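Report on one structure; see the data block that follows.
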Amino acid sequence: MLEIILFLVAVALAAFAVLAWRQPDTFSVSRSLAMAAPASAVFAQVNDLRKWEAWSPWAKLDPKAQNSFEGPDAGVGAVMRWSGNNQVGQGSMAIVDSRPDSFIRFNLEFVKPFKASNVAEFSFAEAGSETVVTWTMSGRNNVVGKAMSVLMNCDKMVGGQFEQGLAAIKRIVEAGA
């Protein structure tokens, strides 16, 4: 009986390894939301890292997380480092491209709970009296990322957090409009 159990465990592990190996080498998660505010108002919420606490879904997961800032308050060179509970982890983000009222790119470095380097981008497109904001994160799937993709839908999980963040930005900018 033990031999059968060990055989089944080995088959299950092999199947999991094959499924993980077949996952894509890269990933991209993207969400968009239209906001009744000018692009300049929305851009200001994202380009100034000190304003993120008001709308970031991760700030709500750990209100006691420690944040520190380096460089300018906003734009290229602005850096935020965070350290929080196991839901927030530890890492940093730095603005590496900032085009007023149209585009912002961040380099993201995650340290805990796992190491990863990703890119996040926000684009702002005016459409009449609204601004369509698109939040995208992309990166490479290492072995851990591929294994996680087998166990959970990362697009749904991270995408849901993006949706919460965009909705919070919308509430802020529309209240100020």
Scan the range 26-44 and report the pairs whose first residue is under 16 Å from Trp55 (Cβ atoms) and whose second residue is modelled with pLDDT under 95 and assigned to a loop (DSSP other than H, G, I, E, B), with Cβ atoms within less than 6 Å and a gap of 6+ or a chain change. Ala37/Ala177
Unique match (being under 25 Å from Ala39 (Cα atoms) and touching a helix residue (DSSP H, G or I) at 6+ places or on another chain (Cβ under 8 Å)) among Ser102, Ser123: Ser102
If a residue has to be open to solvent by 40 Å² or more (accessible area, probe 1.4 Å) and not in a loop (DSSP other than H, G, I, E, B) to count, how many in the range 75-122 make the cut? 14
I need the helices (runs of 4 or more DSSP H) fully contained in the range 1-70, keeping only those with at least 2 residues that are under 17 Å from Ile169 (Cβ atoms) and either open to solvent by 70 Å² or more (accessible area, probe 1.4 Å) or among the hydrophobic types (A, V, I, L, M, F, W, C) (or both). 39-47, 57-61
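The values are calculated or read from the model by the stated rules, or taken from the named source; none is laboratory data. For clarity, every value in this text was computed on a predicted model and none was experimentally measured. Here the Cβ is made from the backbone with ideal geometry for all residues, glycine too, and neighbour counts use every protein chain on show. Surface accessibility is based on the protein's heavy atoms, side chains included, excluding ligands, DNA and RNA. Shrake-Rupley method; radii C 1.70, N 1.55, O 1.52, S 1.80 Å.
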